[in-house]
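The values are calculated or read from the model by the stated rules, or taken from the named source; none is laboratory data. Remember, predicted model here, so these are calculated numbers, not experimental data. Glycine also receives a Cβ, built like all others from the backbone with ideal geometry; neighbour counts cover every protein chain displayed. Note: accessible area is taken over every heavy atom of the protein model, side chains too, but ligands, DNA and RNA are not part of it. Shrake-Rupley method; radii C 1.70, N 1.55, O 1.52, S 1.80 Å.
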Amino acid sequence: MDVTLQHGVFAAALLLPIAVAVVVMVVPGRRKEVSGVKVGNPLADLPVAPRNEAEVMPLVHLCRQLTVQDMEGYILGLRHLPVERAAPVLERHVRGDDPALQLYSQAVLQDGKDQLLHRFQQLLQLPVTDSRAATWLLEAGLRLANPTLNTISEREVWLERLVALAKERLASAPPTPALLSAAVSVFNQAGMPEQGEVLLRALPAGSPLRETLERQTQHLLHQRRLALRA
């Protein structure tokens, strides 16, 4: 075979893969243009459907509309809510006239209190140098001190105990923002906003948590000043 012909065949063999690649890249694109296929989400340009806000009915209003049979399942379902939130509805039915609803309500309420108290006692056993455990302890204590679960005197006893725990944990555990905010809540609820104001200065400036607690603390301090003037 002539040398020139051999060179031509070799060059054609080298160019063949390049030609195939060009055909594969170009032809599908042309087919899409001819067929009218559009890339993207065709719904993106359509108007957004109107959004309706959910209507939330208070638990007390809802329980007034249910039959006794429906209320049994409703009360049992309240065990999945934080006990301090469900307590007003449960207490209402504990004092009601239906024996079955009284029994269910008392059982759910007591079980919720027992679980919360058990968690509080477990957290008391954790090292005092653990900031996360200290935060959870104060948060659980505030739930136990909720007015829906206590009389005025019982709440005062709880808050007095939480103030002592907050001071103890702040002295032994690293003052993380979560621990500081929990301690501020304890001092505010115990009627000691001056100490809460001091702790607020250690929280990051401009954070939503600090802003919320500052409004609460300043409101309490303002009430305290008004009371002193009266």
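Phi angles across region 103-114 convert, under the Karplus curve 6.51 cos²θ - 1.76 cosθ + 1.60 with θ = phi - 60°, into 3J(HN,Hα) values of 5, 4, 5, 5, 5, 5, 5, 5, 5, x, 5, 5 Hz, Gly and Pro given as x. Summed over the residues of region 91-230 and divided among them, the accessible surface reaches 58 Å² per residue at a probe radius of 1.4 Å.
The simple Förster model, with R0 at 45 Å and r as the Cβ-Cβ distance, assigns L228 and Q69 a FRET efficiency of 0.20.
Here the 3J(HN,Hα) profile of region 169-186, calculated from phi with Karplus coefficients 6.51, -1.76 and 1.60 at θ = phi - 60°, is 5, 5, 7, 10, 10, x, x, 6, x, 5, 5, 4, 5, 5, 5, 4, 4, 5 Hz, Gly and Pro shown as x.
Computed over region 69-182, relative contact order equals 25 percent, with contacts defined as Cα pairs under 8 Å that lie 6+ residues apart. Among Y104, Y74, the sequence by solvent-accessible area, most first, with a 1.4 Å probe is Y104, Y74.
If you plug the beta carbon distance of L76 and T176 into 1/(1 + (r/R0)^6) with R0 = 35 Å, you get a FRET efficiency near 0.40. Could you tell me whether region 105-230 comes out rounded, prolate or oblate from its Cα gyration tensor? Rule is a ≥ b ≥ c as square roots of the eigenvalues, rounded for a/c under 1.5, then prolate if a/b exceeds b/c, otherwise oblate. Taking the square roots of the gyration eigenvalues as a ≥ b ≥ c, region 105-230 is oblate. Counted residue by residue at 0.36 nm each, then reduced by the alpha carbon distance between them, the extension gain from Q122 to E91 reaches 8.5 nm.
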